[in-house]
Each structure stands twice: as structure tokens, then as C-alpha cells.
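Before any comments, here is the structure.
Taken together, the values in this text are just the output of simple stated rules run on the coordinates, not laboratory data. Every value quoted in this text rests on a predicted model; they were computed, and no experiment measured them. Using ideal geometry, Cβ is built from the backbone for each residue, glycine included, and neighbour counts are taken over all protein chains shown.
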Amino acid sequence: MARVDSPVKIGTKTAKNRITMAPTDKFDWTDDSGVVTERSVRHYAARAEHGAGLICVEATCVAKDARLSPTQIGLWDDAQIEGHKKLADAVHAYGALVIPQLHYGGYGTHPACGPRRGPSVTEWRDGMAAEMTVEEIHKAVLQFRDAAVRAKKAGYDGVQMHACHNYVINNFASALNKRTDEYGGNAEGRARFGCEVIRAVRDACGEDFIISMRASGFDPTEEEAQEICGYYVEAGCDYLQISCGFEDPKNFPHDPSLPYNSICAMGVHMHEKFRGIVPVSTVNGIRTPELARYLIENDLVDTVDIACGLLADPALSEAILYGTPYEKCRGCLRCRYGPVKNHFCPAAKARGVEE
Ligand SMILES: Cc1cc2nc3c(=O)[nH]c(=O)nc-3n(C[C@H](O)[C@H](O)[C@H](O)COP(=O)(O)O)c2cc1C
């Protein structure tokens, strides 16, 4: 039986346990420069100090004009490497692996940062998104690659590509891709952009570098999402971290009597498909030690990815590993807006955790 405290091999590296911190943007913790600040270094180091085996740093933009907010951290410029190096060193000091989540806005680009663009012309929120030309697609692939090279220089163990939540790689994979060229059509065509990113990163960064895809388990269908992940793995992805994307998770086939929700079920289903091939993580609603252990000990996934629970209290990792006390996330979702509007997390406040 797998245990939460048993190591797990990811690519050529080994995480010391099965707990991963999911990426969570901090928005106004930096400015237009996109440089990582000391506050972020302390934030991630605290989650590593309390025992998480792998830290996924928040969405880190690869192109200044593809940011999801005007105050998003980035790796589009060499000047950003130093801040990331401090972050990577601080996390490594506690024995955790650390990878940044490389991000390119696509339809989800903030209009103040650059044009919304993706696979096809689409009505998106309060406006229209444009279709990327093949030249723009090739440029974006190189921007992912160059950001990964900077991540390697900063000392990270690898990178995670943001391939879910309606950002560019997910846009290409999803039903919103209406292209008729090689980047659209069937699942293979819709996976092509993500695969080109993976191959470019692998060629530039070598084998000893984790390439994770945080992909949707339900775009445009469960079957095709699994097929698309298969192409990612073939291209060189060594870790699937599953979340949702464009399709409504409420429509995902899920038995509501199970102790986890339908988004979490996407990772569980993906793990069934890729068991023994690459490790698979799941996320969403994992806020108690009991659920985290249940998912690992029943071999439902290889790692549990936790966002709000670890924002509320980094000691949740120790609670999962050793049964020690922690402050439970109240599920209020203030953390989604907290950094922007200076709200605070009630659990973090109760525990005296710096936000
Ligand atoms: C404040 C906040 C910021 C987030 N930022 C990101 C992000 O940068 N990248 C990403 O893929 N998901 C992001 N998410 C989604 C989380 O990683 C996670 O998938 C979601 O919160 C569900 O997990 P949970 O129930 O453990 O919180 C964010 C969530 C929150 C609450």
C-alpha cells in the first residue's frame, strides 16, 4: 500500500512524499517587473518547511504580453532569474522539489497586458479573442522554452506547463479550438501545440528536468482528454497534474457518494489510465488529512495537490504526515481575491500564518 510519506519518482528526481503544493497566484506581491519578491520566497519556503514534498510555484508568465494580470511574476526576462533562484534555494533548503508553473494567457490574457488570443476567434468574457497565426504559435513555443531555460538557470527541478483552466494550452486542447490546420481538428491536432512546447523544453533542458503538464481531465471529453495526455506523455511529459478546463465539471461522470468531488475525480480517472506509466496527481477540495490519505492509500492517485488548504495553514502537510494539529481551510475562497483586495484568510489568521 502506498503511504503519504513514501517517496515518489518524478522523471529522474524523487519527491520525499506524496504531498504537493498546487500553484496559487499572488497577483500584487510583485509589480509590472514580474520579479519574485522576498514575501514570495518566505511564503513558499514556509510550505516546504512544513513538509510538502513538491512545491509548484504559481502561474509564472513566459511572455509579458500574455499575462493574466499586470502584477504577475514571470520568467520572460533574464532579470527575473535572480528572484527565482532565491525562491528555489529557500525551498530546497527544506528538502522539497520545486517547479514553477509556466503560463501564457491565451484567451485568459488580461486586456491591460496584451491581446487575448488563442486557437480560434472566440467570444471571451467581455470581448473577442483573436486567432493566433502559425507564426505566433511558433513564437509562443519558443517563449515557453526560453522561460524553462531560465527556470533551469534559477535552479528549479523542472517546470509545470499551465495546460488547464482556460489558458493557452488548454484553449488549444478544448472544444473552443475550431482550427482546420495541423493545430486543430482531432485530439492529436489539438494536442500538437502542447507537445511542441514539451519537446522544445526537453531539447533545451535535458532529461534531468521534470516536465509536468497541469492538464484538464475533461476537455473536450474525458476520452479525448486522456488521449491528449497520452500525446503529452509520448512527447516527454513525466508528470500529469490533473485539474479542469473549459468543460463544466458538473457534467463529468462522477458518483456523488464518493468522498471527493468531480474535479478531483478527473485526476483519479486519469491515474487509472496512466498507472505505472507516469505519476498522476489530483486536486480540488483536498482539505483534510483523511481525504489526502484516502486518495494515496487506496492507490487512487500518486500525489495529492493542495491549494487552499496549504494557504490556510502550511502545517496541513504535517497533519497529513504525522497527525499533528492544523487549522482547516474554511472554503470561503477569500484567498482568490485576498492579495488583490487585502482580504484575509480566516484560518490563516486563526493560526497566525503570514499571508
Ligand atoms: C488564490 C488562488 C490562486 C490560484 N492560482 C492558480 C495558478 O496560478 N495556477 C493554477 O493552475 N491554478 C491556480 N489556482 C487553482 C488551484 O491550484 C487549485 O486547483 C484550486 O484552488 C482547487 O484546489 P483546492 O481545493 O486545494 O484549493 C488558484 C487557486 C487559488 C485559491
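Here are the numbers for this structure:
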quantity: Computed E for residue 322/residue 82 - FRET, C-beta separation, R0 45 angstrom, nearest 0.05; calculated: 0.80
quantity: Förster radius 51 Å - calculated FRET efficiency between residue 130 and residue 257 (Cβ-Cβ, nearest 0.05); calculated: 0.70
quantity: Length added when fully stretched, residue 3-residue 188, from 0.36 nm per residue minus Cα-Cα; calculated: 63.0 nm
quantity: Neighbour-limited loop hits for trypsin sites (Lys or Arg not before Pro), region 1-57 (at most 12 other Cβ within 10 Å; DSSP other than H, G, I, E, B); calculated: 3
quantity: Efficiency of FRET between residue 277 and residue 223 - r from beta-carbon atoms, R0 25 angstrom, step 0.05; calculated: 0.90
quantity: Neighbourhood charge, 9 Å Cβ-Cβ cut-off, centred on residue 164 and excluding it, Lys, Arg +1 and Asp, Glu -1; calculated: 0
quantity: Estimated distance in nm for a label pair at residue 31 and residue 138, the labels positioned 7 Å out from Cα along Cα-to-Cβ; calculated: 3.8 nm
quantity: The chain: calculated mean residue ellipticity at 222 nm from DSSP helix runs of at least 4, using -39500 (n - 2.57); calculated: -11500 deg cm²/dmol
quantity: Linear extension gain, residue 294 paired with residue 38, 0.36 nm per residue minus alpha-carbon span; calculated: 88.6 nm
quantity: Isotropic mean projected area of the C-alpha convex hull, the chain (nm²); calculated: 15.7 nm²
quantity: Environment charge of residue 76, counting only residues whose C-beta is closer than 11 Å and scoring Lys/Arg +1, Asp/Glu -1; calculated: -1
quantity: Ranked 277, 242, 210, 10, criterion: other C-beta atoms within 10 Å, fewest first; calculated: 277, 210, 10, 242
quantity: Ranked packing of 322-330, 259-267, 184-192, most packed first, by mean Cβ within 10 Å; calculated: 259-267, 184-192, 322-330
quantity: Members of 16/85; 273/328; 26/250 lying beyond 25 Å, as alpha-carbon distances in this model show; calculated: 273/328; 26/250
quantity: Cα Rg, Dmax (largest Cα-Cα span) when computed across region 220-355, Å; calculated: 16.2, 46
